[in-house]
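These notes concern the structure reproduced below.
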Amino acid sequence: ITGHVGFSNLPNQVLRKSVKDGFQLTAMVVGESGLGKSTLINTIFNSTICQPREVPHPAEERPKTVAIENIQADIEENGVKLRLTIVDTPGFGDFVNNSECWDPILQTIEDRYDAYLKQENSVRRMKKVDTRIHACIYFIQPTGHSLKTIDIEFMRRLHDKVNLIPVIAKADTMTEDEVADFKERIVSDLAFNGIRIFQAPIYDDDDDESVGESETIARAIPFAVIGADPTKTIRSPSSGRRIRGRAYPWGVVDVDDPSHCDFILLRRMLVHSHMEALRERTQDVLYETWRTQRMLGMGV
Ligand code: GDP
Ligand code: MG
């Protein structure tokens, strides 16, 4: 797999430099409806740009087609400017027939590859706009059991098309021990079913700090995430400071506290530590594979 060799040989300084110049990343959220996808997007962008649905629509009002929405913002993280786009997708539990619920998602991924390929093939040498999805955040229902068949089937179709990042949704509904057990279960289910999730590369010239960070992130996947409740003002019981989280009769969770959930790790991975790795694997492995297959399919 030549793509991997070239990729891991890229000097880190080159990557870090290009990161400084400002970057663009597109992530997509996928998963059953009601798992907190839109809420998590808002928490990532720290605003309420896309309205979370408080009351589930009655069955007859549910949309029959998938309407996919882009949410975009320029963010700055440690002096690094980044244009982050998150593609929100309606949950697939909304469909009467779930058996082909992945079609619109796969179609979107391929349409975006297509749009990029068109630019590459264009005679006019313009600056290319990267339309591709660099990461797919896949929401898993916090059941505590094993992965559902639909999740396995879905992720199996996604894993060679896009960088797959599984997350446990609404982690506040489980205890710490339950989360730990569920993570183990998911990791073994994924391995058993041959599903390849995105793995952070470790470079030869990485310093101990970045190796440590990559290992922390690798160990935490599937990230246990919690989306902040935007409707309440929540304060830290210890400092009285306003926090982003959720309040319960027995206390509060702080989404930005790494001892409460992995939200910060996910955010950091996307916009900082693994942004470039996600882009590189999309370019060198996933897109290249898709492009080759497509050329063969067209008989070129
Ligand atoms: P989506 O269909 O996946 O986009 O889900 P939404 O973001 O619309 O959220 C569905 C419901 O779950 C809303 O009532 C949210 O307030 C709630 N919710 C979202 N995130 C969380 C979370 O992390 N924990 C809990 N307990 N509830 C959440
Ligand atoms: Mg939603």
(request) Restrict the check to region 258-270 and report whether at least one residue is among the β-branched types (Val, Ile, Thr) and either in a strand (DSSP E or B) or open to solvent by less than 20 Å² (accessible area, probe 1.4 Å) (or both). (result) no
(message) Cβ contacts < 6 Å: first residue within 15 Å of ligand 1 (Cβ to nearest atom), restricted to region 168-184; second residue of a type outside the set (D, E, K, R) and in a strand (DSSP E or B), any location; separation 6+ or different chain. Result?
(response) Ile168/Ile140; Ile168/Ala224; Ala169/Phe139; Ala171/Ala224; Asp172/Val253; Val179/Ala224
(message) Of all residues being of a type in the set (Val, Ile, Thr) and out of contact with any His (no Cβ under 9 Å at 6 or more places or on another chain) in region 176-198, which is least open to solvent (accessible area, probe 1.4 Å)? Just the residue, please.
(response) Ile186
(request) Report, by residue number, each residue of region 213-271 that is small (Gly, Ala, Ser) and within 19 Å of the chain's Cα centre (by Cα). (result) Ser214, Ala218, Ala220, Ala224, Gly227, Ala228
(message) Anything in region 147-203 that is away from ligand 2 (no atom under 16 Å from the Cβ) and of a type in the set (Gly, Ala, Ser)? List them, or say none.
(response) Ala171, Ala180, Ser188, Ala191, Gly194, Ala200
(request) Please give the number of the condition Leu35 fails out of (1) under 23 Å from Met275 (Cβ atoms); (2) aliphatic (A, V, I, L, M); (3) at pLDDT 90 or above. (result) (1)
(request) Please indicate, with yes or no, whether at least one residue in region 210-225 is assigned to a helix (DSSP H, G or I), among the basic types (Lys, Arg) and open to solvent by less than 40 Å² (accessible area, probe 1.4 Å). (result) no
(request) Would you check which residues across region 129-142 are modelled with pLDDT under 95 and open to solvent by 40 Å² or more (accessible area, probe 1.4 Å) and list them? (result) Val129
(request) Identify, from the list Pro166, Pro201, the residue that is crowded, with 20+ Cβ neighbours inside 10 Å and in contact with an Asp or Glu (Cβ under 9 Å, 6 or more places away or on another chain). (result) Pro166
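The values are calculated or read from the model by the stated rules, or taken from the named source; none is laboratory data. Here the structure is a predicted model, which is why all the values come from computation and not from measurement. Every residue, glycine as well, gets a Cβ built from its backbone with ideal geometry; the counts of neighbours run over all protein chains shown. Remember, those area values only see protein heavy atoms, side chains included, never the ligands or the DNA or RNA. Shrake-Rupley method; radii C 1.70, N 1.55, O 1.52, S 1.80 Å.
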